[in-house]
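Okay, so here's the structure we're looking at.
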Amino acid sequence: MANNSPRRPPSGIKVIVVGAGFAGLAAAIECDRKGHSVTLFDKVDNIEEITRIGDIISFDPNGSVAFERWPGVVDQMEAIARQTKHIDLYHHQGKFVTRQDFSHEKAWGRRINGHRGQLHNIIYRHAVDRGIDIRLGKRVEDYFEQDSPPQAGVVVNGERIAADVVIAAEGVRSRGRKIVLGFDENPKSSGYAVYRAWFPADRVRNNPVIKHLVENGDTHQGFIGPDIHFLASTIKNGTEVNWVFTHIDDGNIEESWQFPGKPEEALKYLEGWCDVVHELVKATPDGRLIDHKLVYRDPLPTFISPKRRIALIGDSAHPFLPTSIQGASQSIEDGVVLATCLELSGRQNIPRALKVYEKLRYARVHRAQANGPKMRERWHKADWNEVWKKPEMIHLIRETWLLNFDAEKDAYDRFSSVLEELERDEQQIKPRL
């Protein structure tokens, strides 16, 4: 049964969302808030297949502003999020370099960093409480769109299910990409992979080399070396530990690109690194480490289908490198903007809504994406002779235009002007009779 979460009057727009990750859930919730009727499909039989994933995920103020509008969600997230206001950065051999403080960002909104699965579960439960029609164990086999009657839809177990608009949010292997692009294409290896670990702090607390990480609440630190950066934090008042490190990977992208990791294999990449890093890796229990290949996609020429009834969002449209720290937040923005554009266009103008959605998102998303490789190079190729003179050279990229941003407000403010611009452009390219 639905709760009393506020929603606008029914719009009459029927929306299908494919994928119950962060992007899909955000789109479903935002569409429900705007009065659209939503059905969400995901292939997993049990949502725990998603929520059990144990590594850290970050939402910056531009992403978390949406959570503020979902009753109860942001307070639940804050209760399990890392409570830190800075990151300490070290040379990979252990010497302290610089502290980057984030206190001033409080004016922009909340930074929420926490366990991926636990934060996902909070959002999922909110979607359930809202009464959104969520159908698990339903693999979408194909997408379709047509002019008469004007609709789009999906094929599930051989059955065609139609709606006014379909939102493809299943990630980098989304079948929706084929109808948008007109052909199949496979993801490529980025040339990098990332080890991810999360475990209770008990194995750290009695280790003299690393016990300081859990003795005074939550902490956040990074170690920077050639072609590797290692980030570690303690969370929930120092009772849990997580670490990640990105490394060069020469493997190919197969059907699966996430594998169980072994600490002894991870350590081979860390020869010559400081004892703190080594001891954190050694402390990782069996079954608490994964090795995840970072997938690359060429930038898409468009996020919407030829008949403008199917839209890609999140990783389906624009996978981010972790060093951007924006993949999750941008996926939330996508759902917010698309739901708002549908509201402002109305059911009779779905193609117009998708055109404006793409225009509002395309340049911003790609500008944000560019920070990923830029930040990785800043760390992996650091000129240490210069860094010691100017330590802030290795600070994280934190830009006002990106973080101090409310996607919903921007969509409401700019919808009409963007629509006018698109209509002028269409008039200019029409052949003169």
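Values as computed for the structure displayed
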item	result
Within the stretch 254-317, strands (runs of 3 or more DSSP E) holding 1 or more residues that are surrounded by fewer than 18 Cβ atoms within 10 Å (Cβ to Cβ) and touching a Lys or Arg at 6+ places or on another chain (Cβ under 7 Å)	289-296
Filter result for the condition that a residue is surrounded by fewer than 18 Cβ atoms within 10 Å (Cβ to Cβ) and either under 18 Å from the mean Cα position of the chain (by Cα) or not hydrophobic (A, V, I, L, M, F, W, C) (or both), over Arg130, Arg110, Arg82, Arg99	Arg99
Val74 being under 25 Å from Thr239 (Cα atoms) and in contact with a helix residue (DSSP H, G or I) (Cβ under 8 Å, 6 or more places away or on another chain)	yes
Matching option when the condition is under 23 Å from the mean Cα position of the chain (by Cα) and within 29 Å of Ser189 (Cα to Cα), among Thr246, Thr234	Thr246
Cβ-Cβ under 6 Å pairs, at least 6 apart or on other chains, the stretch 346-372 side within 17 Å of Ala411 (Cβ to Cβ), far side of a type in the set (Val, Ile, Thr) and open to solvent by 30 Å² or more (accessible area, probe 1.4 Å)	none
In the stretch 30-87, the residues that are of a type outside the set (Asp, Glu), free of Cβ contacts under 8 Å to residues at least 24 places away in the same chain and under 25 Å from Phe245 (Cα atoms)	Lys85
Index of the failed condition, Trp70 passing every other in (1) open to solvent by 30 Å² or more (accessible area, probe 1.4 Å); (2) in a loop (DSSP other than H, G, I, E, B); (3) of a type outside the set (A, V, I, L, M)	(1)
Residue selected from the stretch 385-403 under the condition among the hydrophobic types (A, V, I, L, M, F, W, C) and either in contact (Cβ under 8 Å) with a residue 24 or more places away in the chain or in a loop (DSSP other than H, G, I, E, B) (or both), by the criterion most open to solvent (accessible area, probe 1.4 Å)	Trp388
Test set (1) under 23 Å from the mean Cα position of the chain (by Cα); (2) open to solvent by less than 30 Å² (accessible area, probe 1.4 Å); (3) not aromatic (Phe, Trp, Tyr) - Glu170 fails condition number	(2)
The one condition in (1) open to solvent by 60 Å² or more (accessible area, probe 1.4 Å); (2) assigned to a strand (DSSP E or B) that Gln93 fails to fulfil	(2)
Candidates Ala411, Ala353, Ala382, Ala368 - the one that is surrounded by 15 or more Cβ atoms within 10 Å (Cβ to Cβ), at negative phi and part of a loop (DSSP other than H, G, I, E, B)	Ala382
Odd one out for Ser345 among (1) hydroxyl-bearing (Ser, Thr, Tyr); (2) within 27 Å of Gly153 (Cα to Cα); (3) within 22 Å of the chain's Cα centre (by Cα)	(3)
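So that you can scan it fast, the table gives a plain yes or no per residue for (1) closer than 24 Å to Leu396 by Cβ; (2) without any contact (Cβ under 8 Å) to a residue 24 or more places away in the chain; (3) of a type in the set (D, E, K, R):
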| site | (1), (2), (3) |
| --- | --- |
| Pro149 | no, yes, no |
| Ile167 | no, no, no |
| Pro200 | no, no, no |
| Gly225 | yes, no, no |
| Thr234 | yes, no, no |
| Val241 | yes, no, no |
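The values are calculated or read from the model by the stated rules, or taken from the named source; none is laboratory data. Given the structure is predicted, the values throughout are model-derived calculations rather than measurements. So basically every Cβ, Gly included, is an ideal-geometry build from the backbone, and we count neighbours across all protein chains shown. Ligands, DNA and RNA are stripped out before the accessible areas are found, and what is left, the full protein with its side chains, is counted by its heavy atoms. Shrake-Rupley method; radii C 1.70, N 1.55, O 1.52, S 1.80 Å.
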